[in-house]
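K.L.:
My questions will all concern the structure given below.
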Amino acid sequence: MRLIDTHAHIDEESFDVDRREMLDRARDQGMVGIVTLGTTLDSSRRAVALANQSPLVYAAVGVHPNYINSSTSQDWDQIVQLANDPRVVAIGETGLDLYWKTVPLDSQREWFRKHFALSRELQKPFCVHCREAEEPVLEELRQEAERGPLLGVMHSFAGSAETARECVRLGMYISFSGIFTYKKSQSLRDLARELPRDRLLVETDSPYLSPQPVRGRRNEPAHVRMTAEILAAECGVSLEEIGEITTQNAERLFGLKQA
Ligand code: NI
């Protein structure tokens with residue numbers, strides 16, 4: 001069985017005590033890839049270093065919307081340099097966040113567009129964080145889609161069915177995290193059944209968003225299996241089948257055969 005965690009933050013401090021064992025556990029669960037995303041210049045550097053140390057790990061580089069205030073245009077120039085590393089398979093984490101009202105929407109949009117431009121230039125997909133910002137995110141995606149088909153993923157999707165459908169129409173992939181396993185998330189599970197199979201991905205967002213069976217504990221990539229199990233049940237296929245479907249989708253989106 002194969003599984004890829006398409007969104008994690010394994011550079012975070014909470015993994016300093018057992019990062020190697022955590023990667024072993026992921027391998028034991030049949031995992032063939034973990035995409036670790038930068039949220040600042042420093043964490044993007046750490047992501048690239050980790051991806052160069054382990055064949056299981058791939059990197060994404062970018063500035064998370066919540067960290068824009070502490071990032072400079074020089075930081076961005078460095079991220080552009082890092083993005084050329086062959087182990088960097090995506091641009092992000094980027095997006096819009098209107099939950100933490102710390103960064104003005106205009107500057108979030110401006111940074112979001114920088115990520116789009118870099119993604120298009122390098123032909124590496126962008127990873128979208130969207131929290132209480134579905135309408136402005138859709139506006140940005142529609143505008144970007146005028147330049148050509150989108151190559152990207154809605155990470156930890158928890159939005160409406162209408163938003164998901166429009167994202168898919170624009171070319172986006174939809175990634176489900178531990179949120180998908182929560183009792184309150186029936187609408188997401190209903191949505192998963194109707195989405196095209198070739199756009200589905202699974203992720204952990206480790207160390208956050210632990211799936212239901214391990215909720216409240218630190219999350220880690222091996223737990224992606226729990227989200228995959230629920231997704232398999234919803235789609236009426238086996239865990240092995242959903243693993244293969246989502247793994248092939250991730251390989252296609254991130255160009256993993258070449259990375
Ligand atoms: Ni994230």
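K.L.:
Just to confirm, what accessible area per residue do you get for the chain at 1.4 Å probe, in whole Å²?
P.N.:
On a per-residue basis, 43 Å².
K.L.:
Report the trypsin sites (Lys or Arg not before Pro) located in the range 175-252 that are in a DSSP loop and have at most 14 other Cβ atoms inside 10 Å of their Cβ, or state none.
P.N.:
Passing both the DSSP loop test and the Cβ count: R215, R217.
K.L.:
Find, among the trypsin sites (Lys or Arg not before Pro) in the range 71-138, those assigned to loop by DSSP (not H, G, I, E, B) with at most 10 other beta-carbon atoms within 10 angstrom.
P.N.:
Sparse-neighbourhood loop trypsin sites (Lys or Arg not before Pro): K101.
K.L.:
Continuing with the same structure: Label N84 and E121 with points 7 Å out from Cα along Cα→Cβ: what is the distance between them in nm?
P.N.:
1.0 nm
K.L.:
At 7 Å along Cα-to-Cβ for each site, give me the label-to-label distance between Q248 and E21 in nm.
P.N.:
So the label points at Q248 and E21 sit 3.7 nm apart.
K.L.:
Beyond 20 Å, what percent of the Cα pairs of the range 41-160 remain?
P.N.:
39 percent
K.L.:
Please state, as a whole number in µm²/s, the translational diffusion coefficient that the Stokes-Einstein equation yields for the range 49-104 at 4 °C and 1.567 mPa s, with Rh defined as the Kirkwood radius across alpha carbon pairs.
P.N.:
The diffusion coefficient I find is 104 µm²/s.
K.L.:
If R0 is 41 Å, what FRET efficiency do you get for Q74 and E166 from their C-beta distance, rounded to 0.05?
P.N.:
Efficiency, from the Cβ-Cβ distance: 0.70.
K.L.:
For the ranges 63-71, 122-130, 159-167, what's the packing order if you count other beta-carbon atoms within 10 Å of each residue, average per peptide, and put the highest first?
P.N.:
Ranked from most to least packed, the peptides come out as 122-130, 63-71, 159-167.
K.L.:
Let me ask something else about it. If I model a spin label as a point 7 Å beyond the Cα along the Cα-Cβ vector, how far apart are those points for A145 and V237 in nm?
P.N.:
For A145 paired with V237, the spin-label model returns 2.4 nm.
K.L.:
For the chain, give the percent of accessible area contributed by carbon and sulfur heavy atoms, probe 1.4 Å, rounded to a whole number.
P.N.:
48 percent
K.L.:
Separate question: Using 0.36 nm per residue, how much length does the chain from S107 to K183 gain when fully extended, once their Cα-Cα distance is taken away?
P.N.:
Extra length available between S107 and K183 comes to 23.8 nm.
K.L.:
Can you list, bin by bin at 10 Å, the percent of alpha carbon pairs in the chain, starting at 0?
P.N.:
Reading the bins upward from 0: 8, 34, 39, 18, 1.
K.L.:
May I ask you to compute the full-extension gain from M1 to Y208, defined as 0.36 nm times their residue separation minus their alpha-carbon distance, rounded to one decimal in nm?
P.N.:
72.1 nm
K.L.:
Taking K257 as the anchor, which lysines have their alpha carbon closer than 20 Å to its alpha carbon, excluding any fewer than eight residues away along the same chain?
P.N.:
Result set, ordered by chain and number: K124.
The values are calculated or read from the model by the stated rules, or taken from the named source; none is laboratory data. Predicted model only: the values in this text are computed from it and were never measured. Don't worry about glycine lacking a Cβ; one is built from the backbone with ideal geometry, like all the others, and counts go over all protein chains shown. Accessible surface is based on the protein model in full, side chains and every heavy atom, while ligands, DNA and RNA are left aside. Shrake-Rupley method; radii C 1.70, N 1.55, O 1.52, S 1.80 Å.
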